[in-house]
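S.K.: Sharing a structure below in structure tokens format, with a few things to ask.
The values are calculated or read from the model by the stated rules, or taken from the named source; none is laboratory data. Quick caveat: nothing in here was measured; it's all calculated off a predicted structure. Please note: Cβ atoms are built from the backbone with ideal geometry, for glycine as well, and neighbour counts cover all protein chains shown.
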Ligand SMILES: Nc1ncnc2c1ncn2[C@@H]1O[C@H](COP(=O)(O)OP(=O)(O)O)[C@@H](O)[C@H]1O
Ligand SMILES: [Mg+2]
């Protein structure tokens, strides 16, 4: 079943000449983890904002979880989607951690008794309950993003959209956030769309869509996409570390496997190679 | 800078800390009103006792209160001197042109000084024992009746709480921009007035740009999280009116009654 369907989408920003999307189509299956990559300005943020009804298309049809997106249904659609944005500071609405998680629940007019339960559960999920009374200044970027995720989890959405949510984090914070996403996707079968410049993040997805000026130029499994080095550089992405290492090894005259290897896969393969010699 | 704007909330668990912010806000206003009833030294002693009693109940270091008075000391002295030299009556000790130093002048000066200090102490007590956000909450509750005349009370209170939440963030940002501009040779707080004003421009422009970007991001994030105006929202944070709040109000009312009596001593 398709969780999200974008059909014949046409969109441009008001007062803008060029169209960001001209007859754009995309389907996302229920429970799928889709990574969207592409250079800056290729329209990734615009696309997810259109899906969430934060922008209105000129024409075309967007269906989310069976609901056709119209001005009347936009709040229903939004309640199915949880979004986490790039800048951890600029999406922290509450005065402290628990207030921030409660913000979305207050908007949805959830009764207070239930709010208390949901806030606590969500914060425990992301390992931030002991920081419940902390103000945002006392938190790291990664912690703030985990709080943002808790805000999303508390609202029990069907879809989680991350718009470069890990790009401003240190490796540790990034890992913590990705781990939570991984769990939401694999254990609770939430549909995940993650926009990212991080190859390691994208390679965790089941499917990668490469966007270029509002067009899907590639749509495949991560292993397929990341093994074409030249293509990656063309769309403005660094090839993953394991691919660069492979290339160096080939230069040294060492035979390497053809298929794409994740960082962990690379380590395993290196150990095997090492123990054989 | 942040400290001035936000008051100086000192977390604690005294009775005063645990009071309902609405009660504290009402009592602070009430105190400022009844202090104008005081007209002799007995009444000031009474109000001083009330102030000291409240401060002791809050268990906060007295040094904070002295610090609260310090930034206003020039304003206080100016007003006191005006009182002293421009009021007449009683024995005149000294006269020069429009100025005169009289017995009443001295007394009035002393009263004005006491009034200032007591008001500052009480409002410092409010900000020391009540988190800024709680004050914002209390204001929302107390402004509720204004909803009838179409004042957007929810929106005002949300605005206030977001403003409070972003003060430290913008402080950090200001410090960063100042450092960046310093490294490009801008001198802050040096030279004459014109030079100082000029040095503020390269600080304000980036700060405005970034604040607008933040505001836009925040608006998008709020909308994505289902915010559509203040109506119909439920509240996560609630405040309960305890017996201690009623007791506090009773104490203040009793003091007012005694004050009305002491006035005509
Ligand atoms: N609010 C806006 N008004 C006008 N043009 C915009 C706005 N936001 C983005 N754009 C333009 O739309 C294009 C796509 O932007 P965006 O979706 O943010 O790209 P990405 O997220 O892939 O970096 C860019 O060329 C950008 O300049
Ligand atoms: Mg973007």
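S.K.: Could you identify the single residue in A:22, A:87 that is under 17 Å from the mean Cα position of the chain (by Cα), surrounded by fewer than 22 Cβ atoms within 10 Å (Cβ to Cβ) and not in a helix (DSSP H, G or I)? Break it down stepwise before answering.
M.R.: Details: A:22 fails: under 17 Å from the mean Cα position of the chain (by Cα).
Selected residue: A:87, the only one of A:22, A:87 that is under 17 Å from the mean Cα position of the chain (by Cα), surrounded by fewer than 22 Cβ atoms within 10 Å (Cβ to Cβ) and not in a helix (DSSP H, G or I).
S.K.: Determine which member of the set A:94, A:82 is within 9 Å of another protein chain (Cβ to nearest Cβ), outside any helix (DSSP H, G or I) and at pLDDT below 95.
M.R.: Numbers: A:82 fails: at pLDDT below 95.
None of the other options fit; the residue is A:94.
S.K.: Name the helices (runs of 4 or more DSSP H) wholly inside the range B:40-140 in which the number of residues that are more than 24 Å from the chain's Cα centre (by Cα) and modelled with pLDDT of 85 or more is 1 or more. Give the derivation first.
M.R.: Details: elements: B:41-58, B:63-69, B:73-86, B:103-129.
The helices (runs of 4 or more DSSP H) meeting that bar are B:41-58, B:73-86, B:103-129.
S.K.: Applying the selection to the range A:1-19, what residues are farther than 28 Å from residue A:183 by Cα and surrounded by 19 or more Cβ atoms within 10 Å (Cβ to Cβ)?
M.R.: A:9, A:11
S.K.: Moving on. Taking residue A:71 as the residue in question, decide whether it is within 11 Å of another protein chain (Cβ to nearest Cβ) and away from ligand 1 (no atom under 15 Å from the Cβ).
M.R.: On the way: within 11 Å of another protein chain (Cβ to nearest Cβ): no; away from ligand 1 (no atom under 15 Å from the Cβ): yes.
No; evaluated as a whole, the condition is false for this residue.
S.K.: While we're here: Suppose we filter A:89, A:100, A:52 for residues that are within 16 Å of ligand 2 (Cβ to nearest atom), within 13 Å of another protein chain (Cβ to nearest Cβ) and under 26 Å from residue A:143 (Cα atoms); which single one remains? Before you say what the answer is, go through the steps one by one.
M.R.: Values: A:89 fails: within 16 Å of ligand 2 (Cβ to nearest atom); A:100 fails: within 16 Å of ligand 2 (Cβ to nearest atom).
After ruling out the rest, the residue left standing is A:52.
S.K.: Given the criteria part of a helix (DSSP H, G or I) and surrounded by 21 or more Cβ atoms within 10 Å (Cβ to Cβ), does residue A:169 qualify?
M.R.: On the way: part of a helix (DSSP H, G or I): no; surrounded by 21 or more Cβ atoms within 10 Å (Cβ to Cβ): yes.
Against the criterion (part of a helix (DSSP H, G or I) and surrounded by 21 or more Cβ atoms within 10 Å (Cβ to Cβ)), residue A:169 does not qualify.
S.K.: Here's something else I'd like to know. For the condition farther than 30 Å from residue B:158 by Cβ and either within 16 Å of ligand 1 (Cβ to nearest atom) or in contact (Cβ under 8 Å) with a residue 40 or more places away in the chain (or both), what is the one hit in A:66, A:60, A:82, A:53? Lay out the reasoning, then the answer.
M.R.: Working: A:66 fails: either within 16 Å of ligand 1 (Cβ to nearest atom) or in contact (Cβ under 8 Å) with a residue 40 or more places away in the chain (or both); A:82 fails: farther than 30 Å from residue B:158 by Cβ; A:53 fails: farther than 30 Å from residue B:158 by Cβ.
The match here is A:60.
S.K.: List the residue pairs whose Cβ atoms are under 6 Å apart, where the first residue sits in the range A:28-48 and is within 14 Å of chain B (Cβ to nearest Cβ), the second is within 14 Å of ligand 2 (Cβ to nearest atom), and the two are 6 or more positions apart or on different chains.
M.R.: Close Cβ pairs satisfying both conditions: A:45/A:163; A:46/A:20; A:48/A:161; A:48/A:163.
S.K.: If you check A:38, A:94, A:82, which single one turns out to be more than 16 Å from ligand 2 (Cβ to nearest atom), surrounded by 18 or more Cβ atoms within 10 Å (Cβ to Cβ) and within 21 Å of the chain's Cα centre (by Cα)? Give the steps one after another, and end with the answer.
M.R.: Working: A:38 fails: more than 16 Å from ligand 2 (Cβ to nearest atom); A:94 fails: within 21 Å of the chain's Cα centre (by Cα).
Exactly one of A:38, A:94, A:82 is more than 16 Å from ligand 2 (Cβ to nearest atom), surrounded by 18 or more Cβ atoms within 10 Å (Cβ to Cβ) and within 21 Å of the chain's Cα centre (by Cα), namely A:82.
S.K.: Would you please name the residue that is surrounded by the most Cβ atoms within 10 Å (Cβ to Cβ), looking only at residues in the range A:103-113 that are assigned to a helix (DSSP H, G or I) and at the interface with chain B (Cβ under 8 Å from one of its Cβ atoms)? Quick ask: steps written out before the conclusion?
M.R.: Taking the range A:103-113 first, the residues assigned to a helix (DSSP H, G or I) are A:103-107, A:112-113.
Narrowing further to those that are at the interface with chain B (Cβ under 8 Å from one of its Cβ atoms): A:103-107, A:112.
Working: A:103: 25, A:104: 29, A:105: 25, A:106: 23, A:107: 24, A:112: 14.
Within the range A:103-113, the match that is surrounded by the most Cβ atoms within 10 Å (Cβ to Cβ) is A:104.
S.K.: Of the residues that make up the range B:237-244, is at least one surrounded by 12 or more Cβ atoms within 10 Å (Cβ to Cβ), in contact (Cβ under 8 Å) with a residue 60 or more places away in the chain and part of a helix (DSSP H, G or I)?
M.R.: First, the residues of the range B:237-244 that are surrounded by 12 or more Cβ atoms within 10 Å (Cβ to Cβ): B:237, B:239, B:241-242, B:244.
Subsequent filtering for residues that are in contact (Cβ under 8 Å) with a residue 60 or more places away in the chain retains B:237, B:239, B:241-242, B:244.
This time we only want the ones that are part of a helix (DSSP H, G or I), so: B:244.
Yes, there is a match, as at least one residue in the range B:237-244 is surrounded by 12 or more Cβ atoms within 10 Å (Cβ to Cβ), in contact (Cβ under 8 Å) with a residue 60 or more places away in the chain and part of a helix (DSSP H, G or I).
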